[in-house]
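The values are calculated or read from the model by the stated rules, or taken from the named source; none is laboratory data. Since we're looking at a predicted model, the values are computed, not measured. Counting neighbours? That spans all protein chains shown, and the Cβs are built from the backbone with ideal geometry, glycine included. To get the accessible areas, we keep the full protein, side chains included, count just its heavy atoms, and leave off ligands, DNA and RNA. Shrake-Rupley method; radii C 1.70, N 1.55, O 1.52, S 1.80 Å.
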Amino acid sequence: MSEIKKVNLPYQASLLSFFSAVRDLPYPALLDSNHQHFPDTNFDILVANPLARIHPVANGQPISWYTKPFYSLSATHNPMALMNELMSLICQEAWAKSAPKDLPFVGGLLGYYGYESGHFVEQLPDTVEHDVQLETLSVGLYSWAVITCHKKKTTQLITSPWCPSEDVADLINRFTSACDDVLVKHDLNEARPFRLQAPFSSNMTEAEYAQKFCKVQDYIQSGDCYQVNLAQRFSTRYQGDTFTAYHRLREACPTPFSAYMEISATQSILSHSPERFLLCDQGRVESKPIKGTVARGATAEEDKANADWLQTSEKDRAENLMIVDLLRNDLGRTCLTGSIKVPKLFALESYANVHHLVSTVEGRIDQADQAIRVFHQSFPGGSITGAPKIRAMEIIDELEPHVRSAYCGSIVYFSANGQMDSSITIRTLVADHGNLHCWAGGGLVADSKCQQEYQETFTKVGKLTHTLEQDFFEIGRIMSDIEQFLSAPPIDLNLDDIRAALDNEPYAQQIHNPDEEMFPSGYDLKYRSAAVLIPIWKEPENGELYVLLTQRALHMRNHPGQIAFPGGKHDPNDASIQYTALRETLEEVGLSPDCFDLLGELGEYCTISGYCIKPIVAEMTRRSEPQSL
């Protein structure tokens, strides 16, 4: 067969417009280094239209060919075993042996491994709810790639001998058109719409997290394990184009191992990972585990103090060292004897919202087809399981209610020239048939503090969820106006009069402080913060005050603890209690926040459902038809 061919294209600072040019092809994927923010990064890679795809099949060989099969493969049901065999055959090709080693990808395998792909490596329990339809693993066999080398400022179309000449001509035409400034500007300015239908919500309460935390501590004290990564999932519904969401997140929280993959019209992966799993560069294997996190400071002084604290934190250094030892063991199973080294221990790396403690573990291999075997023997990464790895994964299966899917798996490529690079898919969102999920977790050890660990999960994922809620959930569009509403000169209304009017409403009685006899003896009531919006209308002609009730409230008034006004639990991610009230009003009755001017707050009411409700009073300044979410 012939050799690798290169077609020079105009240098692209990012491959976003090139990705748009091939989105109509099957299984497009963009590996995005955000080089402008991370000068040490070098390559961006774009692929699409695979020749074949490796994915789990219930009863059959786990590969789908979209062309005439190139190789005869064993009749295994294990996709990892099949890929080991496939890469051995590919790396024996004459063109693969002579392919330039300075290119990261010259054709080969590229895709994602979900966390549950670990079941193809080890015998593990599987008791979680599989409510995400994304396949456990999906890896394409690609014949071409667009590669940008930022250090050389080059962008090239790299084609393997597998790629037909007519496909090469089509690709050149697509990318040449995408280089037209007018077309690029039009594409960026006319982004397809995307919006959230609700704020993100967790799959466990703080109390449930605390129960699981205590269970982990019990296991640690009994000697089952010494570190377990416990995660919670945040979910919402969405409509529109997830590539638009990826654009925005890329701007708000750039990371060096970002990726966007479209699996189908209704499934995609938006990864903004800061963490490399494994790199293989001309026989040198490298892993960079992250373990140790602290939020960025609000000022330069606070930021430096936080960074200094993290670098000297005995707990975080101990956690990091545990994972370094685990990785040394994992790499030692396949790397050359005596080649394992730790050139960097406890280095500081800083990102948009957090500082991380990062170490580097290295080893060596001497054959091109060994890279994929190193990856499989080390998967999943120890930094997101705990230690010992197998026992930690068993405990994760017991405690976490839902499948992790792409979270804590990896996005990876295995090139025919022996090169490999991979991320650990933290800070990663999965779009699945209208549902949008993201996860955050942390390694729990013997001296972990529950509240700190719980808050750390919000710190890690907050930049993603807050950005999407602010930009793509309707309530977010008016958040900047709330202070103006509150500081505006109030209309001539007395809050005492409003309280009196509220007290006279028959359906409002439930939010009063309940009598003690309503509670059973010894009833342990733990109150949670909530908010309601009390819309009022001042009749222009006579100034008469009306407290407005909603039709939904009338339906719900007989339910224990329900209230007569739109409202709900104050989420930790909510910017304020006023935000909660306005968000819930939009969700429950479809009234847009711009219908109201906020006037003030009433004192809290405690309900028999265990909520302390803060009534937010607002004048309805205009009537509108209820809006759908």
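Output the number of residues of region 418-430 satisfying the condition of being out of contact with any Phe, Trp or Tyr (no Cβ under 7 Å at 6 or more places or on another chain) and small (Gly, Ala, Ser).
The number of residues fulfilling the criteria is 1.
Considering region 263-273 alone, what residues qualify as being surrounded by fewer than 16 Cβ atoms within 10 Å (Cβ to Cβ) and among the hydrophobic types (A, V, I, L, M, F, W, C)? Explain how you work it out, then say what you get.
Within region 263-273, the subset surrounded by fewer than 16 Cβ atoms within 10 Å (Cβ to Cβ) is 264-266.
Correct list: Ala265 only.
Among the residues of region 83-96, is there at least one that is surrounded by 22 or more Cβ atoms within 10 Å (Cβ to Cβ), touching a Lys or Arg at 6+ places or on another chain (Cβ under 8 Å) and more than 27 Å from Asp432 (Cβ to Cβ)? Don't jump to the end; show me each part of the working.
Of region 83-96, the ones surrounded by 22 or more Cβ atoms within 10 Å (Cβ to Cβ) are 83, 86-87, 90-91, 96.
From what is left, the residues that are touching a Lys or Arg at 6+ places or on another chain (Cβ under 8 Å) are 91.
Adding the requirement that they be more than 27 Å from Asp432 (Cβ to Cβ) leaves 91.
Yes: one or more hits.
Of all residues in region 296-305, count the ones that are surrounded by 16 or more Cβ atoms within 10 Å (Cβ to Cβ) and in a helix (DSSP H, G or I).
Taking region 296-305 and keeping what is surrounded by 16 or more Cβ atoms within 10 Å (Cβ to Cβ), we get 296, 303.
Next cut, in a helix (DSSP H, G or I) only: 303.
So the answer is 1.
Considering only residues that are modelled with pLDDT under 95 and polar (S, T, N, Q), look in region 204-241 and name the one that is nearest to Val128 (Cα to Cα).
Thr205
Tell me which residues, restricted to region 569-583, are within 12 Å of Val532 (Cα to Cα) and open to solvent by 20 Å² or more (accessible area, probe 1.4 Å).
Lys569, His570, Ile577, Gln578
Within region 147-168, work out how many residues are under 21 Å from Lys68 (Cα atoms) and either in contact (Cβ under 8 Å) with a residue 24 or more places away in the chain or open to solvent by less than 60 Å² (accessible area, probe 1.4 Å) (or both). Spell out how you get there, then give the answer.
First, the residues of region 147-168 that are under 21 Å from Lys68 (Cα atoms): 159-168.
Subsequent filtering for residues that are either in contact (Cβ under 8 Å) with a residue 24 or more places away in the chain or open to solvent by less than 60 Å² (accessible area, probe 1.4 Å) (or both) retains 159-164, 167-168.
Going through region 147-168 one residue at a time, the tally reaches 8.
Residues of region 274-295 being closer than 28 Å to Val228 by Cα and either open to solvent by 20 Å² or more (accessible area, probe 1.4 Å) or out of contact with any helix residue (DSSP H, G or I) (no Cβ under 9 Å at 6 or more places or on another chain) (or both), which ones? Outline the logic, then answer.
We begin by selecting, within region 274-295, every residue closer than 28 Å to Val228 by Cα; these are 274-280, 285-295.
Answer for region 274-295, where residues must be closer than 28 Å to Val228 by Cα and either open to solvent by 20 Å² or more (accessible area, probe 1.4 Å) or out of contact with any helix residue (DSSP H, G or I) (no Cβ under 9 Å at 6 or more places or on another chain) (or both): Pro274, Arg276, Leu279, Glu286, Lys288, Val294, Ala295.
Here is a check on your reading of the model: is Asp102 surrounded by fewer than 16 Cβ atoms within 10 Å (Cβ to Cβ), of a type outside the set (Ser, Thr, Tyr), in contact with a strand residue (DSSP E or B) (Cβ under 9 Å, 6 or more places away or on another chain) and closer than 16 Å to Tyr413 by Cα?
Yes, satisfied.
Let me spell it out: the conditions are (1) buried (at least 20 other Cβ atoms within 10 Å of the Cβ); (2) small (Gly, Ala, Ser); (3) over 23 Å from the mean Cα position of the chain (by Cα), and Gly332 meets all of them except one. Which number is the exception?
(1)
Determine whether Arg248 is closer than 29 Å to Ile45 by Cβ, open to solvent by 20 Å² or more (accessible area, probe 1.4 Å) and modelled with pLDDT under 95. Explain how you work it out, then say what you get.
Working: closer than 29 Å to Ile45 by Cβ: yes; open to solvent by 20 Å² or more (accessible area, probe 1.4 Å): yes; modelled with pLDDT under 95: yes.
Yes: the conditions hold for Arg248.
Please work out if Ala259 is assigned to a helix (DSSP H, G or I), in contact with a strand residue (DSSP E or B) (Cβ under 9 Å, 6 or more places away or on another chain) and open to solvent by less than 10 Å² (accessible area, probe 1.4 Å). Steps first, answer last, please.
Values: assigned to a helix (DSSP H, G or I): no; in contact with a strand residue (DSSP E or B) (Cβ under 9 Å, 6 or more places away or on another chain): yes; open to solvent by less than 10 Å² (accessible area, probe 1.4 Å): yes.
Criteria not met by Ala259.
Which condition number does His355 fail, the rest of (1) within 30 Å of Thr136 (Cα to Cα); (2) open to solvent by less than 10 Å² (accessible area, probe 1.4 Å); (3) under 24 Å from the mean Cα position of the chain (by Cα) being met?
Going through the list (1) within 30 Å of Thr136 (Cα to Cα); (2) open to solvent by less than 10 Å² (accessible area, probe 1.4 Å); (3) under 24 Å from the mean Cα position of the chain (by Cα), His355 breaks only (1).
Can you run down the residue pairs with Cβ atoms below 9 Å, 6 or more apart or on separate chains, where the first is in region 179-208 and under 21 Å from Thr242 (Cα atoms) and charged (D, E, K, R) and the partner is open to solvent by 70 Å² or more (accessible area, probe 1.4 Å) and at pLDDT 80 or above?
Arg195/Gln239
Residues that are touching a helix residue (DSSP H, G or I) at 6+ places or on another chain (Cβ under 9 Å), under 30 Å from Leu103 (Cβ atoms) and open to solvent by less than 20 Å² (accessible area, probe 1.4 Å): does region 229-241 have at least one?
No, every residue in region 229-241 fails to be touching a helix residue (DSSP H, G or I) at 6+ places or on another chain (Cβ under 9 Å), under 30 Å from Leu103 (Cβ atoms) and open to solvent by less than 20 Å² (accessible area, probe 1.4 Å).
Being in contact with a helix residue (DSSP H, G or I) (Cβ under 7 Å, 6 or more places away or on another chain), of a type in the set (A, V, I, L, M, F, W, C) and at pLDDT 95 or above: is that true of Leu171 here?
Numbers: in contact with a helix residue (DSSP H, G or I) (Cβ under 7 Å, 6 or more places away or on another chain): no; of a type in the set (A, V, I, L, M, F, W, C): yes; at pLDDT 95 or above: yes.
Judged against the criteria, Leu171 is not a match.
For region 201-228, give me each residue that is outside any helix (DSSP H, G or I) and open to solvent by 20 Å² or more (accessible area, probe 1.4 Å). Step through it out loud before you land on a result.
Residues of region 201-228 that are outside any helix (DSSP H, G or I), as a first pass: 201-205, 222-228.
Hits for region 201-228 are Ser201, Ser202, Asn203, Thr205, Ser222, Gly223, Asp224, Tyr226.
Among Val121, Val139, Val128, which is the only one that is surrounded by 14 or more Cβ atoms within 10 Å (Cβ to Cβ) and within 25 Å of Gln282 (Cα to Cα)? Give the steps one after another, and end with the answer.
Details: Val121 fails: within 25 Å of Gln282 (Cα to Cα); Val128 fails: within 25 Å of Gln282 (Cα to Cα).
Answer to the check: Val139.
With respect to Asp325, determine if the residue is of a type in the set (D, E, K, R), modelled with pLDDT of 90 or more and within 25 Å of the chain's Cα centre (by Cα).
Values: of a type in the set (D, E, K, R): yes; modelled with pLDDT of 90 or more: yes; within 25 Å of the chain's Cα centre (by Cα): no.
When the stated conditions are applied, Asp325 does not pass them.
Within the bounds of region 108-118, is there any residue that is assigned to a loop (DSSP other than H, G, I, E, B) and either closer than 19 Å to Leu31 by Cβ or out of contact with any helix residue (DSSP H, G or I) (no Cβ under 9 Å at 6 or more places or on another chain) (or both)? Show your work before the answer.
As a first pass, look at region 108-118 and keep what is assigned to a loop (DSSP other than H, G, I, E, B): 114.
Of the ones still in play, those that are also either closer than 19 Å to Leu31 by Cβ or out of contact with any helix residue (DSSP H, G or I) (no Cβ under 9 Å at 6 or more places or on another chain) (or both) are 114.
Within region 108-118, one or more residues are assigned to a loop (DSSP other than H, G, I, E, B) and either closer than 19 Å to Leu31 by Cβ or out of contact with any helix residue (DSSP H, G or I) (no Cβ under 9 Å at 6 or more places or on another chain) (or both).
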